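The values are calculated or read from the model by the stated rules, or taken from the named source; none is laboratory data. Note that this is a predicted model, so its numbers are computed, not measured. In this analysis, Cβ positions are derived from the backbone assuming ideal geometry, glycine residues included, and neighbour counts consider all displayed protein chains. Quick note on the areas: whole protein, heavy atoms, side chains included, nothing else; ligands and nucleic acids left out. Shrake-Rupley method; radii C 1.70, N 1.55, O 1.52, S 1.80 Å.
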Amino acid sequence: GAAIELRNVTKVYKTQNKGTEVHALRGVDLTVDRGEIHGIVGQSGAGKSTLIRCLTGLEEPTDGEIEVNGKSMIGQGQKDLRRSRTGIGMVFQHANLLDSRTVAANVAYPLKLAKLPKAEIKRRVEDLLETVGLSDRATSYPSELSGGQKQRVGIARALADYPPVLLCDEPTSALDGETTRQILDLLCELRSKLKVTIVIITHEMSVVREICDSVSLLDAGRIIQSGPLEQVAADV
Ligand code: ADP
Ligand code: ADP
């Protein structure tokens with residue numbers, strides 16, 4: 001089955017400017033199969049952030065259906081409830097680490113919030129740091145790390161409760177070419193090792209060409225093309 005399925009998803013914002021409506025998403029249909037690396041490409045204003053907020057349960061679409069791993073994200077009531085059942089780990093452009101906490105404590109943070117037993121947290125943190133190649137930096141602080149290392153910590157934290165889907169928002173846009181390649185290699189490894197489905201949202205077609213199996217092009221709130229990389233990239 002699909003890891004993510006959107007059917008006819010529409011999001012309309014009513015602005016303060018009375019009567020004005022912004023159609024951020026217009027009838028979006030999107031299917032991401034399990035184990036795929038799927039790229040969503042769009043320029044600024046295309047609706048990428050809105051799509052992310054709907055997928056992660058931060059917002060409800062105005063209309064349409066969203067399923068993540070077969071569970072509907074619609075009609076779950078309040079934000080917190082929706083967010084808690086998404087099964088989506090988020091990776092951001094800037095890793096958004098807590099500067100006053102060690103690498104290990106950053107990765108442990110969501111697990112502490114989830115009130116997992118201490119021994120279990122320790123075991124998972126060690127496992128995750130090994131997976132992202134940072135076992136030797138557990139007690140370092142974010143300020144002591146390179147940009148690529150910070151992003152590895154961000155990825156480990158996103159995977160802390162082993163979500164079936166990893167959603168990466170411009171994961172390499174702040175990194176240089178060599179570091180970008182290393183992070184993309186890591187994402188490929190994670191897909192193989194953890195069988196996680198990966199969605200990469202980006203304005204960089206080069207990133208998509210490098211690692212995506214399939215791509216959707218988002219333009220002015222619509223998916224204007226979607227399919228295997230070879231098919232879509234040939235036209236862009
Ligand atoms: P992207 O992330 O691709 O830049 P966004 O999803 O942020 O696109 O924005 C899509 C459209 O929706 C834009 O026209 C933007 O101005 C509008 N928009 C986004 N968020 C809001 C909001 N909270 N209220 C009103 N309009 C919004
Ligand atoms: P804080 O008080 O800032 O949250 P802690 O030192 O209490 O930081 O660490 C938070 C979590 O990180 C703990 O639950 C611990 O299991 C985990 N942790 C800390 N250091 C390590 C380490 N070197 N290896 C693995 N896990 C660690």
Can you work out the base-10 log of I(q)/I(0) for region 27-71 at q = 0.24 1/Å, using the Debye formula on its C-alpha atoms alone? -1.09
DSSP bridge pairs, the chain: antiparallel proportion in percent, nearest 5: 55
Output ordering of 194-200, 140-146, 14-20 (per-residue mean of other Cβ within 10 Å, highest first) is 194-200, 140-146, 14-20
Roughly what would the spin-label model give for T179 and R123, points 7 Å off Cα along C-beta, in nm? 3.4
Ranking by accessible area, most exposed first, for M205, M73 with a 1.4 Å probe: M205, M73
How big is region 1-133 in terms of Cα radius of gyration and Dmax, in angstroms? 17.6, 55
What are the ³J(HN,Hα) couplings of region 213-224, residue after residue, when phi is run through the Karplus curve with 6.51, -1.76, 1.60 and θ = phi - 60°? Round to Hz, x for glycine and proline. 7, 9, 9, 10, 9, 9, 9, 6, x, 10, 7, 8
At a Förster distance of 41 Å, what's the computed FRET efficiency of S140 paired with E230, Cβ-Cβ distance as r, to 0.05? 0.50
Tell me, what is the per residue accessible area of the chain in Å², probe radius 1.4 Å? 49
For Cα pairs less than 8 Å apart in space and 6+ apart in sequence, what is the mean separation divided by the residue count of the chain, i.e. the relative contact order in percent? 27
Give me P(r) over the chain, computed from all C-alpha to C-alpha distances, binned every 10 Å, as integer percentages. 8, 31, 35, 20, 5, 0
Cα centroid separation, region 160-236 to region 1-64 (Å): 17
Which percent of the accessible area of the chain is formed by carbon and sulfur heavy atoms (probe 1.4 angstrom)? 47
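For every helix of n ≥ 4 consecutive DSSP H residues, a contribution of -39,500 (n - 2.57) applies; sum these over the chain, divide by its total residues, and give [θ] at 222 nm rounded to the nearest 500 deg cm²/dmol.
So the helix-based figure for the chain works out to -10000 deg cm²/dmol.
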